[in-house]
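The structure under discussion appears below in the form of C-alpha cells.
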Amino acid sequence: MAETITKAQTKTAGPLEGTSAHHGMVAPGEAAFAQEQLREAFGADEQNRREVAVQAKDFSVWYATNEAVKKVTLDFKERFVTAIIGPSGCGKSTLLRAINRMNDLIPGCHVTGELLVDSRNIYSPGIDVVALRRAVGMVFQQPNVFPKTIFDNVAYGPRLQGGLSRAALSDLVETSLRRAALWDEVKDRLRGSALSLSGGQQQRLCIARALAVGPEVVLMDEPASALDPQSTARIEALIDELRKEYTIIIVTHNMQQAARISDFTAFLYEGRLIEYGATKQVFTNPVQRQTEDYITGRFG
C-alpha cells in the first residue's frame, strides 16, 4: 500500500489532454464512438500488459449474519473502466464501497477473504485507512458537495494533507477542475457557493474533489442516476477522458450506460459473481443464461 499511496501523492498535476480550456470536451457521441474503436483495438497482449489495480480473492462482505457479497474473485485492471451491474440488492454497491472500506462505518459489517490494492490486502492489520481513501477515491450517487465555496470544496482534501503553498493549492484546484471538465464553467466564481451549481455541475465538482488528492482508483456509485440526460452525457464523456490516467470502477443500473462507457463488465446476482468479461462479449454473447436474461430485461 505504501507504494500506491506514494504514487497517488506524487501524481503529475498537469491537465489531461483534451480537457483544458485550449482543447475543450469531446462531444459525447464522438467519445462513445472513439471508446468503441479503442475497445476493438484492445487485444489480449494489451490487456496482459496492464497491471491489476484491485483484486478480490474469495471475498465476502457480511452484515452481521447476512452474506451480502459471496466469495467473489475478480481482477480490475489499471486504466480500464469496469462496470458492475446487477439487480437491486445484488451486492454491487457493497462490493464497490468495500474497495475503500466505506463499509467500516456500518455496525456489524465484516469481511472474509482478501481484497488487494496494489497487491496488499487492505483489510490487513496496520493498513492506514485514511491513506487508502486518498489512493481510492469515491463518487456517490447523489452529489455531496460541502456547504462551502467551489474553491474550498476542491481544496478540502489537499489542505488536510498539508504541505502546499497558497499558489500550489490554487494550481491544484484549477488542474482538478479542468480534469473534471468544470473549469470553464466556474473559473469566474470560485468563491461562490458550491450549492449554487446545477446537479450535473455539483457531481463534476465532487469528481474534481476526489481527483485533487491524487487517487489511483476512482469508484463511482451510479454517478449519473440523479442527473438529466445532458448532464449524464457529460459525465460519460468525462469518464472516457479520465480512463487515460485512472482505474475506474462504476456501479450502474443503466445497461446502455454500461455498454457505452466500460471496457469490462461484472454481473452480480444475489451477492455472487455470475459473469465477468469484456463488455462487448458480455452484452452480445454472454456465457451464462442468467446474464442474458438480466441484460435483455427478463428480470431485474
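Scanning the range 111-153 for residues that are among the hydroxyl-bearing types (Ser, Thr, Tyr) and either part of a helix (DSSP H, G or I) or out of contact with any Leu (no Cβ under 8 Å at 6 or more places or on another chain) (or both) yields THR112, SER119, SER124. SER262 meets all of the listed conditions (1) open to solvent by 10 Å² or more (accessible area, probe 1.4 Å); (2) under 21 Å from ARG179 (Cα atoms) but one, namely (1).
In this structure, GLY86 qualifies as in contact (Cβ under 8 Å) with a residue 24 or more places away in the chain, crowded, with 16+ Cβ neighbours inside 10 Å and of a type outside the set (Val, Ile, Thr). Looking only at the range 13-26, decide whether some residue is among the acidic types (Asp, Glu), at pLDDT below 55 and open to solvent by 60 Å² or more (accessible area, probe 1.4 Å). There is at least one residue in the range 13-26 that is among the acidic types (Asp, Glu), at pLDDT below 55 and open to solvent by 60 Å² or more (accessible area, probe 1.4 Å).
Filtering the range 203-232 to residues that are in a helix (DSSP H, G or I) and more than 16 Å from the chain's Cα centre (by Cα) leaves PRO229, GLN230, SER231.
Counting residues in the range 38-60 that are touching a Phe, Trp or Tyr at 6+ places or on another chain (Cβ under 8 Å), modelled with pLDDT of 95 or more, part of a strand (DSSP E or B) and among the charged types (D, E, K, R) gives zero. Name every residue in the range 70-110 that is among the basic types (Lys, Arg) and part of a loop (DSSP other than H, G, I, E, B), in order of residue number. Answer for the range 70-110, where residues must be among the basic types (Lys, Arg) and part of a loop (DSSP other than H, G, I, E, B): ARG79, ARG101.
Within the range 182-196, restricting attention to residues that are aliphatic (A, V, I, L, M) and over 23 Å from GLY163 (Cβ atoms), which residue is nearest to the chain's Cα centre (by Cα)?
At the first step, the residues of the range 182-196 found to be aliphatic (A, V, I, L, M) are 182, 186, 190, 194-195.
So of that shortlist, the ones also over 23 Å from GLY163 (Cβ atoms) come out as 182, 186, 194-195.
On the way: LEU182: 18, VAL186: 23, ALA194: 22, LEU195: 23 Å.
In this case the residue turns out to be LEU182.
Taking residues in the range 135-152 that are touching a residue at least 40 places away in the same chain (Cβ under 8 Å) and closer than 26 Å to VAL117 by Cβ, and partners anywhere that are acidic (Asp, Glu) and buried (at least 19 other Cβ atoms within 10 Å of the Cβ), the pairs with Cβ atoms closer than 6 Å and at least 6 places apart or on different chains are ALA135/GLU216; PHE140/ASP221; GLN141/ASP221; GLN141/GLU222.
Within this structure, GLY199 fails the test of being touching a residue at least 12 places away in the same chain (Cβ under 8 Å), surrounded by fewer than 22 Cβ atoms within 10 Å (Cβ to Cβ), within 28 Å of LYS77 (Cβ to Cβ) and under 20 Å from the mean Cα position of the chain (by Cα). In the set LEU268, LEU273, only one residue is touching a Lys or Arg at 6+ places or on another chain (Cβ under 6 Å), assigned to a strand (DSSP E or B) and touching a residue at least 40 places away in the same chain (Cβ under 8 Å); that residue is LEU268. All conditions but one from (1) open to solvent by less than 60 Å² (accessible area, probe 1.4 Å); (2) free of Cβ contacts under 8 Å to residues at least 24 places away in the same chain apply to THR65; the one that does not is (1).
Go over the candidates ALA180, ALA167, ALA98, ALA135 one by one and state the one that is farther than 30 Å from VAL61 by Cα and crowded, with 19+ Cβ neighbours inside 10 Å.
ALA180
The values are calculated or read from the model by the stated rules, or taken from the named source; none is laboratory data. Worth saying up front: this structure is predicted, and the values here are computed from it rather than measured. With ideal geometry, Cβ positions are generated from the backbone for all residues, glycine too; neighbour counts draw on all protein chains shown. These accessible areas exclude ligands, DNA and RNA; they are computed on the full protein's heavy atoms, side chains included. Shrake-Rupley method; radii C 1.70, N 1.55, O 1.52, S 1.80 Å.
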